[in-house]
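Bear in mind these aren't lab numbers, they're just calculated from the coordinates by the rules spelled out. Because the structure is predicted, anything quoted here is derived from the model rather than measured. Glycine also receives a Cβ, built like all others from the backbone with ideal geometry; neighbour counts cover every protein chain displayed.
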Amino acid sequence: MKRTLARGSLFLAAAALATSGLVMAPAGAATPPQQKCTSLKGKVTITPGISATPRAQTAKAKANLAGCTPKTKTGGTGVMTATLKLPSNSSCTGLASGGTTIKMTAKVVWKNKKSSTFALTAKTGTGSNVLTANITGKVSAGLFKGRPVTSQIKIKPTKGNCAPTPVTEISFTNSKPFLIK
């Protein structure tokens, strides 16, 4: 009798949990990102411009983020501005070899007028992936403060050709979502 009662109690408890809407994630399951933007597109303006002469470069970027979910946190879109510091060996030949690390600070003003500030690093690929950059970093202030960030972009020079005209503008679009985890 006690055994039957114990089995019945376990069955009722399991049934109550199952119908209560309580869902437990398995151990090690990934949690969904705080924000996932499916589109990141923009342009980078480089001063004085990438040429055959190696030199440090300052670059300014502006991009649009779209398809951001959950929409309730940001309004679903945002405008990003960033300052990039290219290393002192920045030249056509130096950057074409790939594996370049670029530090940047960025800020997104979301559609709902909230903002997030980021400390990011972009690392370019090598070989056939030299025009791909993996972005990692953290939200340093504002909405999502302390959260890690990842993305990947494809870049394309749009003004200049290195020689004789320095590259002064690059366009980019994401090849992986912009994630705030």
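General remarks:
- Ordering Ser88, Val130, Pro148 by the projection of their Cα atoms onto the charge dipole of the range 67-181, which places +1 on the Cβ of Lys and Arg and -1 on the Cβ of Asp and Glu, puts Pro148 at the extreme positive end.
- Label point 7 Å beyond Cα of Val109 along Cβ direction - residues of the range 65-95 with amide nitrogen under 12 Å: 78-81
- Förster-model FRET efficiency, 22 Å R0, Ala96 and Thr47, C-beta, rounded to 0.05: 0.65
- Point-charge dipole on Cβ atoms (K/R +1, D/E -1) for the range 32-180, about Cα centre, debye to 20: 600 debye
- Cβ-derived FRET efficiency at R0 41 Å, Asn161 paired with Lys181, nearest 0.05: 0.60
- Cα lying deepest toward the dipole's positive end in the range 32-180, options Ser175, Gly160, Gly76, charges on Cβ: Gly76
- Alpha-carbon Debye profile of the range 32-180, log10 I(q)/I(0) at 0.14 Å⁻¹: -0.64
- Ser171/Thr31 FRET efficiency (R0 35 Å; Cβ-Cβ; nearest 0.05): 0.60
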